[in-house]
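The values are calculated or read from the model by the stated rules, or taken from the named source; none is laboratory data. These figures come from a predicted structure and were not determined experimentally. Using ideal geometry, Cβ is built from the backbone for each residue, glycine included, and neighbour counts are taken over all protein chains shown. Protein only, heavy atoms only, side chains kept; ligands, DNA and RNA dropped before computing areas. Shrake-Rupley method; radii C 1.70, N 1.55, O 1.52, S 1.80 Å.
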Amino acid sequence: MSINIIKNREVIADEWSVLRLNEGESADSVSIPAGKVIVPFSVWQAQRAQLQDRAEIGVWLSSDAPADSVKEDLAHFAVIAVDFPKFTDGRGYSIAYNLRTRLGYNGELRAIGDVLRDQLFYMQRVGFDAFAVRADKDINDALKGLTDFSEKYQTSWDEKTPLFRRVQRQAVTQD
């Protein structure tokens, strides 16, 4: 069964698998399957020597990992995913924003974990361009979440100028 994700505002088949450690597995000894794999950052750290020459490798960060933790290795990753363990955990937004703005990451930035429609608009604002929506949710409905709002007031990764600077207003005179 093919799993779909949202990438660049389209529903597509996911070519990547996400590796999660099972109980009893350790980062330094877990076997990494062939193909396009997104590994936990701890696995990358433990097996860097074996993984650094793989062209199709990605890494995922837990919500408590600082974006700077991957700073030296950004060029190795075709995709960086940020795990949202609960939809109420907003730390991943800061990680994404910092990856894009401070560290200049231009590759695929994917939200994984407890990802829901209501979050997508805001996730794209901070730099996410791919979303693995929670399995029990309708991905086509979630796609609509990217266009829930027609205007952005504040600046962010996707809009560098605030609304009051983008809109010409006529001065109102009192008679």
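Can you pull out the residues in segment 58-72 that are buried (at least 16 other Cβ atoms within 10 Å of the Cβ) and in contact with a helix residue (DSSP H, G or I) (Cβ under 8 Å, 6 or more places away or on another chain)?
V59, W60, L61, S62, S63, A65, A67, V70
Inside segment 1-10, can you point out the residues that are surrounded by 11 or more Cβ atoms within 10 Å (Cβ to Cβ) and in a strand (DSSP E or B)?
N4, I5, I6, K7, listed by residue number.
How many residues does segment 43-57 contain that are open to solvent by less than 30 Å² (accessible area, probe 1.4 Å) and either among the aliphatic types (A, V, I, L, M) or in contact (Cβ under 8 Å) with a residue 24 or more places away in the chain (or both)?
Final tally of qualifying residues: 4.
Would you mention how many residues in segment 11-42 are out of contact with any Leu (no Cβ under 7 Å at 6 or more places or on another chain), free of Cβ contacts under 8 Å to residues at least 40 places away in the same chain and not in a loop (DSSP other than H, G, I, E, B)?
Counting residues in segment 11-42 that are out of contact with any Leu (no Cβ under 7 Å at 6 or more places or on another chain), free of Cβ contacts under 8 Å to residues at least 40 places away in the same chain and not in a loop (DSSP other than H, G, I, E, B) gives 4.
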